[in-house]
Amino acid sequence: MRFEHQLRVRFGECDPQGIVFNAHYVAYFDVGLTELWREALGSWGAMVERGVDAVVAHLEVRFDAPARADDLITLAVGVEALGRTSLTTVVDVARDGELLVAGRLRHVFVDARTWQKTPMPDWIRAGLSPYLVRSVD
């Protein structure tokens, strides 16, 4: 199952060509992941308070078509892999069912105090398991 969150493109996110500037898609991915996290596990801050954080280790973006100012876009976030110390998520950005941009992110879990890599806690694995999706490369 994928988690979906909608947002409207703001004029300031567009470049002189009138399309969303490419770097903003990474911020959109973060919004989608943050909202998935909130639904599945509570706030990101609550995780950090429990002693665990996660940092981006890898990011891929594929651009198929542009979004424009005032477009209502849907961020569809799924969990592709739950590793021992990492999490891979996929994010599709769509408008009216048309895929615009596809992203894949790998986060590595770290101890919130020492920043040393740490295993994914069982409670995170359990909370994210319902959002596992099959990779469609």
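Take the conditions loosely packed, with under 14 Cβ neighbours inside 10 Å and within 17 Å of the chain's Cα centre (by Cα) and apply them to ALA40. Does it pass? If you could, list the steps in order and put the result at the bottom.
On the way: loosely packed, with under 14 Cβ neighbours inside 10 Å: no; within 17 Å of the chain's Cα centre (by Cα): yes.
For ALA40, the condition - loosely packed, with under 14 Cβ neighbours inside 10 Å and within 17 Å of the chain's Cα centre (by Cα) - is not met.
Looking at (1) farther than 12 Å from LEU105 by Cα; (2) surrounded by 14 or more Cβ atoms within 10 Å (Cβ to Cβ), which one does ALA46 not meet, given that it meets all the others?
(2)
Which condition number does ALA69 fail, the rest of (1) surrounded by 14 or more Cβ atoms within 10 Å (Cβ to Cβ); (2) without any contact (Cβ under 8 Å) to a residue 40 or more places away in the chain; (3) among the small types (Gly, Ala, Ser) being met?
(2)
Name the pairs: first residue in the range 28-41 and over 12 Å from THR89 (Cα atoms), second residue surrounded by 17 or more Cβ atoms within 10 Å (Cβ to Cβ) and among the small types (Gly, Ala, Ser), Cβ to Cβ under 7 Å, at least 6 apart or on different chains?
ALA40/GLY127; LEU41/GLY127
Which one is farthest from TRP37 (Cα to Cα) among residues in the range 85-105 that are more than 10 Å from the chain's Cα centre (by Cα), charged (D, E, K, R) and part of a strand (DSSP E or B)?
Here is the first cut: in the range 85-105, the residues more than 10 Å from the chain's Cα centre (by Cα) are 85-87, 93-102.
Filter once more, keeping what is charged (D, E, K, R): 95-96, 98.
From what's left, part of a strand (DSSP E or B): 95, 98.
Working: ARG95: 23, GLU98: 25 Å.
Selected residue: GLU98.
The conditions are (1) in contact (Cβ under 8 Å) with a residue 40 or more places away in the chain; (2) more than 22 Å from MET1 (Cβ to Cβ); (3) in contact with a strand residue (DSSP E or B) (Cβ under 8 Å, 6 or more places away or on another chain); (4) not in a strand (DSSP E or B), and SER129 fails exactly one of them. Which is it?
(2)
Sort through THR118, THR88 and tell me the only one that's more than 30 Å from GLN17 (Cβ to Cβ), surrounded by 15 or more Cβ atoms within 10 Å (Cβ to Cβ) and free of Cβ contacts under 8 Å to residues at least 40 places away in the same chain. Spell out the reasoning first.
Working: THR118 fails: free of Cβ contacts under 8 Å to residues at least 40 places away in the same chain.
Checking each option against the conditions leaves just THR88.
When the residues of the range 43-54 are narrowed to those that are without any contact (Cβ under 8 Å) to a residue 60 or more places away in the chain and among the aliphatic types (A, V, I, L, M), which ends up nearest to ASP15 (Cα to Cα)?
ALA54
Look at VAL77 and say whether it is part of a strand (DSSP E or B), buried (at least 17 other Cβ atoms within 10 Å of the Cβ) and of a type in the set (A, V, I, L, M).
On the way: part of a strand (DSSP E or B): yes; buried (at least 17 other Cβ atoms within 10 Å of the Cβ): yes; of a type in the set (A, V, I, L, M): yes.
So VAL77 passes the test.
Rule-based calculations on the coordinates, nothing more; no lab input. Predicted, not measured: the structure shown is a model, and the values here were computed from it. Glycine gets a Cβ as well: all are built from the backbone with ideal geometry, and neighbour counts include every protein chain shown.
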